[in-house]
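The values are calculated or read from the model by the stated rules, or taken from the named source; none is laboratory data. Bear in mind the structure is a predicted one, so any value in this text is a computation, not a measurement. Heads up, the Cβs are rebuilt from the backbone with ideal geometry, glycines too, and the neighbour counts pull from every protein chain shown. Side chains included, ligands, DNA and RNA excluded: accessible areas come from the protein's heavy atoms. Shrake-Rupley method; radii C 1.70, N 1.55, O 1.52, S 1.80 Å.
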Amino acid sequence: MLETIHLEHIPHTLSIHVAFYRNVTNASFLHSQLLARNASFEYALIDASTVISRFHLLAAVYKSITVELGGNMKTPNIHSEIVCALSSNNNIAEAYRRYGISPISKDVLVVKVLNTAHANTSDLTKESTETHLNEHVKGESVEFSDEEIAKTTDWSKLRKYHKLNGAAGLDDITDMDAKRKEMEMMIVSAMALRGL
Amino acid sequence: MTTLLPLPVPATPADEVEAGAQSHQFPLPQTLNYPTTTPPTLITQGAEGRLYKTTYLLPSIPCALKHRPSKPYRHPILDQRLTRHRILSEARILQKCRREGVPVPALYAVDEGTGVLIMEWIAGAPVRVPVNEYLRKRKADGLREAATKEDGEELVGLMRRIGRAVGRLHKVGIVHGDLTTSNMMLRPWDKGKAPVNGHKADGEGNGLLDGEIVIIDFGLASQGTQDEDRAVDLYVLERAFGSTHPRAEGLFEVVLDAYRGEFKTANIVLKKLEDVRMRGRKRSMLG
């Protein structure tokens, strides 16, 4: 199930497509395609345990789009830029390792940004992308919703990755939901400042 | 952002102004020229920038967008550097405050190239508005004009929350630089959620002054722990408060009392404040 999302404040030539697969069995194959730089596997393949919500992932997508529009990309393409945008530090290899798909990933979020103004992706469509994904990702396709994402989020990992273990702003909050909401806000803030 | 300057009068014939006014005086940042479901609205214009209300990512998420347009009278390279520096400093301070538990808007996105800062939208109104409303109501109800500690329970509660919020800000090593009741929002309580600073306004009231203090606009803020700077911050707030709400001026010491309890060296800052009161905001008499 490939969902098309229209973000605010981006050119209309861009469209964003997201799919969520659980219990993926061929993660090492997908990972190897990325390492081989196989152009037909140009997706942002994200380990879903590092994603909190739609808002969180879309913030990363938005950031990488603005970076591309500004001509400041630090990585080969917009999809690798999305993986890096989830990180709050500048180490690209570390960002791939932490947020990108790894051979042992179980749950994977796939993002594809299509740009009709862009020569080498203009012949791809939502349908062809969906077909290609369904053919190659061996897993159970689920809805890209906050409820589904929440089931796979690894909070302790995120706390560590974003250095939130000493954050005074979190210690005072006792309610679990409020605490997670606040962590999400802190993480999105940290992502916004990455690389600046 | 609070110092509102009169718009410069363009030196062009009237008919040309008609056509060019929108585009020349309000160049939108590139971000806002891309399609959105609801058009952005200009909230306020300050000397350095403009604040728009718009949406972030999805139509359901409101946000505040602060744009620092480039100044045509500055050298382009200098302009770029100053804008970049100011945007980043504000962004870093917001991020630090949030981490340390000072209630401020969350940072959503930064585009230092185009001078754009996107932040969480804070619901509610600037503290100035409900306070003036409250004081006006008092007068209409035939109470004494000046609010005092004894009969303004609800207001005293709000003042305490202001003191705590400012104390907390200073505690984490941030000096705001432009503390006024317009640069603080009174955000309605989240139902069922424990408020971050303080609790419900003490005493019964009509709920006008209920809410959580969220400090905004860190455009002039800096990182530092000098007692002198902190004292000046309090002094600026004191003067601003006195001139915006003269009838509640007598309550300002409640703010200072609450401030005192927030961190260890607050007493030294309050001593310093007395010096600052004697001589004014500027330490040196030069410039």
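With a cut-off of at least 2 residues that are of a type in the set (A, V, I, L, M, F, W, C) and crowded, with 16+ Cβ neighbours inside 10 Å, name the helices (runs of 4 or more DSSP H) lying wholly within the range A:99-196. Filter on the range A:99-196 gives A:176-193. Checked across the range A:99-111, the condition of being among the hydrophobic types (A, V, I, L, M, F, W, C) and within 14 Å of chain B (Cβ to nearest Cβ) holds for at least one residue. Given the condition among the hydroxyl-bearing types (Ser, Thr, Tyr) and closer than 18 Å to B:Met159 by Cα, answer yes or no: does some residue in the range B:263-280 qualify? Checked against the condition, which is being among the hydroxyl-bearing types (Ser, Thr, Tyr) and closer than 18 Å to B:Met159 by Cα, the range B:263-280 yields no hits at all.
Contact map, the range B:157-179: first residue in contact (Cβ under 8 Å) with a residue 40 or more places away in the chain and over 17 Å from B:Val127 (Cβ atoms), second residue buried (at least 23 other Cβ atoms within 10 Å of the Cβ) and charged (D, E, K, R), Cβ cut-off under 9 Å, separation 6 or more or different chains; pairs are B:His170/B:Arg230; B:His170/B:Asp233; B:Val175/B:Arg230; B:Val175/B:Asp233; B:Gly177/B:Asp233. Scanning the range B:137-190 for residues that are part of a loop (DSSP other than H, G, I, E, B), open to solvent by 10 Å² or more (accessible area, probe 1.4 Å) and at pLDDT below 85 yields B:Asp141, B:Gly142, B:Leu143, B:Arg144, B:Glu145, B:Ala146, B:Thr148, B:Lys149, B:Glu150, B:Asp151, B:Trp189, B:Asp190. Taking the range A:82-97 as the range and being more than 14 Å from chain B (Cβ to nearest Cβ) and in a helix (DSSP H, G or I) as the test, the residues that pass are A:Val83, A:Cys84, A:Ile92, A:Ala93, A:Glu94, A:Ala95, A:Tyr96, A:Arg97. Of all residues in the range A:175-196, those satisfying the criterion of being more than 7 Å from chain B (Cβ to nearest Cβ) and more than 19 Å from the chain's Cα centre (by Cα) are A:Met176, A:Asp177, A:Lys179, A:Glu182.
Being within 14 Å of chain B (Cβ to nearest Cβ) and within 15 Å of A:Leu14 (Cβ to Cβ) is a description that applies to A:Ile65.
Residues in the range B:1-15: is at least one within 21 Å of B:Ser222 (Cα to Cα), open to solvent by 20 Å² or more (accessible area, probe 1.4 Å), at pLDDT below 95 and not β-branched (Val, Ile, Thr)? Yes, because at least one residue in the range B:1-15 is within 21 Å of B:Ser222 (Cα to Cα), open to solvent by 20 Å² or more (accessible area, probe 1.4 Å), at pLDDT below 95 and not β-branched (Val, Ile, Thr). Within the range B:39-64, restricting attention to residues that are open to solvent by 70 Å² or more (accessible area, probe 1.4 Å) and over 23 Å from B:Asn183 (Cβ atoms), the residue that is nearest to the other protein chains (Cβ to nearest Cβ) is B:Pro59. Tally time: how many residues in the range A:87-125 are closer than 17 Å to A:Ile16 by Cβ and either acidic (Asp, Glu) or modelled with pLDDT under 90 (or both)? Total meeting the criteria: 8. All conditions but one from (1) at pLDDT 95 or above; (2) assigned to a loop (DSSP other than H, G, I, E, B) apply to A:Leu45; the one that does not is (2). Of the residues making up the range A:155-174, one or more are away from chain B (no Cβ under 13 Å) and either small (Gly, Ala, Ser) or in contact with a Pro (Cβ under 8 Å, 6 or more places away or on another chain) (or both). Being without any contact (Cβ under 8 Å) to a residue 12 or more places away in the chain and in the same structural domain as B:Thr36 (by the TED database) holds for only one residue in B:Leu78, B:Leu107, and it is B:Leu78.
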